[in-house]
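The values are calculated or read from the model by the stated rules, or taken from the named source; none is laboratory data. What you are looking at is a predicted structure, and each value in this text was computed from that prediction instead of being measured. Neighbour counts are summed over all protein chains in view; Cβ atoms, including those assigned to glycine, are modelled from backbone coordinates with ideal geometry. Just the protein is used for accessible areas: all its heavy atoms, side chains included, with ligands, DNA and RNA removed. Shrake-Rupley method; radii C 1.70, N 1.55, O 1.52, S 1.80 Å.
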Amino acid sequence: VGILWSVVAEFQTWFGSAPYLPYGIQLLPLTAISQQRDNETWAKQMYIPFADKCNADPGCKSGGWSILELAVLAEVGHPQQAIDKALGLPAKVFTTPGGNGHSLTNTLWYISTRPKVEALVIPPPLPLPLP
């Protein structure tokens with residue numbers, strides 16, 4: 001749920017209606033206490049839909065929201081993959097709304113300090129339909 005009203009729940013945010021935004025908003029900010037907020041069961045339930053939505057829209061990466069997807073990738077048992085992807089992010093994503101002022105250093109710290117968990121099995125991306 002992105003916005004909860006008295007009579008309706010909407011899967012969008014004040015930032016916009018891109019389908020990765022409600023996930024990303026729930027993950028801000030990345031701090032040491034985030035480990036208490038993001039329990040393993042919840043992270044494993046939301047990672048694949050979040051990653052699918054993020055990977056399907058270039059705005060997720062350019063808007064810095066992919067930083068949060070990588071944080072959850074580490075939380076669900078894939079820290080090295082998250083580090084490798086974080087090192088490939090352009091520097092400008094850290095100053096965008098999704099980047100929320102995080103630095104590459106903070107992102108790498110967060111990823112590398114996640115507790116070791118049984119890794120979530122992540123299916124390969126579905127091929128795009130042929131034109």
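The table below gives the values:
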read-out	value
Å² of accessible area per residue within region 43-111, as computed with a 1.4 Å probe and no ligands counted	42 Å²
Highest to lowest packing among 82-91, 28-37, scored as the average C-beta count within 10 Å	82-91, 28-37
Order of exposure, largest accessible area first, which applies to Trp65, Trp109 with probe 1.4 Å	Trp109, Trp65
Straight-distance crosslink candidates among lysines, where the alpha carbon sits under 23 Å from Lys53 and sequence neighbours closer than 8 are dropped	Lys44, Lys61, Lys85, Lys92
Evaluated over region 19-131, the Cα radius of gyration and Dmax, each in Å	13.3, 46
Potential extension, Lys92-Asn106 segment - 0.36 nm per residue separation minus Cα distance	3.6 nm
Gain upon complete extension [Asp52, Asn39; 0.36 nm per residue less C-alpha separation]	2.7 nm
Accessible surface of region 13-131, 1.4 Å probe, proportion on carbon and sulfur as whole %	63 percent
